[in-house]
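The values are calculated or read from the model by the stated rules, or taken from the named source; none is laboratory data. Because the structure is a prediction, the values reported are computed rather than measured. No Cβ is skipped: glycine too gets one built from the backbone with ideal geometry, and neighbour counts run over all protein chains shown. With ligands, DNA and RNA removed, areas are computed over all heavy atoms of the protein, side chains included. Shrake-Rupley method; radii C 1.70, N 1.55, O 1.52, S 1.80 Å.
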Amino acid sequence: MLVVLAILGTVLAGLAGVFSSALHAEVDMNQRFQAQQHARFALGKLRRELHCARQTYVQPDGSAATIVSAVNANTAYCRSGQATWCALPVAGATVRYGLYRKAGATCDATGILMADYLTTSGVFQLAAAVAGSRGRVAVTLSVDLDSGDATRRYRLYDEITMRGSVRA
């Protein structure tokens, strides 16, 4: 009986380790998925606002950039008003940035956090102008829960045409 209990205890200890490892991997995967979903949602909302805006401009703000857009009229798809997007350091974190959206012409961390766990604040760049086309902004959202491990980084990139810009 003691031999059976010893063997059973050894097997159960091994199984507990496997289950603990699987649970940790599942939690990590779920957190990564949520961060990626928030980045995709934020990019979709930014794309919609830039397409709706009658006026859009990208202004340099130190090492990063800020996007300011203004929508003139309410429609089913667009809401009127001015909104500003910026990437700022998240409070209490060393190498972690958040993408914020705030109503008005200025942006700070009191705005709505649209995407978290960004690895850089430089998410907006003006795309190269093509003759006869409107201005475009390149958006790069690099998401990673562990900034020390670049192999698990998720990169989301898009070039968005700014409807309210003048043709080149």
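In order along the range 91-96, phi translates into HN-Hα couplings of 4, x, 10, 8, 10, 8 Hz, rounded to whole numbers, per the Karplus curve 6.51 cos²θ - 1.76 cosθ + 1.60 with θ = phi - 60° and x for Gly and Pro.
Contact order for the chain, expressed relative to its length and based on alpha carbon pairs under 8 Å spaced 6+ residues apart, stands at 20 percent.
Between GLN55 and ARG155, the C-beta separation translates, for a Förster distance of 41 Å, into a calculated FRET efficiency of about 0.90.
In the elastic network of the chain, a GNM with C-alpha springs shorter than 10 Å, the most mobile of ALA127, ALA91, ALA105 is ALA91. With kT/(6 pi eta Rh) evaluated at 10 °C and eta = 1.306 mPa s, and Rh the Kirkwood radius from Cα pairs, the range 81-161 diffuses with a coefficient of 115 µm²/s according to Stokes-Einstein.
Against the chain, whose longest principal axis is taken from its Cα atoms, helix 2-52 shows a tilt of about 0°. A simple spin-label model places the labels of VAL3 and ALA91 6.4 nm from each other, with each point 7 Å out along Cα-to-Cβ.
When the solvent-accessible area of the chain is split by element, carbon and sulfur atoms take up 59 percent of it, the probe being 1.4 Å. One chain, two ends: SER80 and THR106. Fully extended at 0.36 nm per residue, the span grows by 7.7 nm beyond their Cα-Cα distance. Highest mobility in the GNM of the chain, judged by mean-square fluctuation with C-alpha springs under 10 Å and restricted to HIS24, HIS38, HIS51, is found for HIS24. In this label model, PHE19 and LEU113 are separated by 3.3 nm, measuring between points 7 Å along each Cα→Cβ vector. Distance between the pseudo-spin-label points of MET29 and ARG134 (7 Å out from Cα toward the beta carbon): 4.1 nm.
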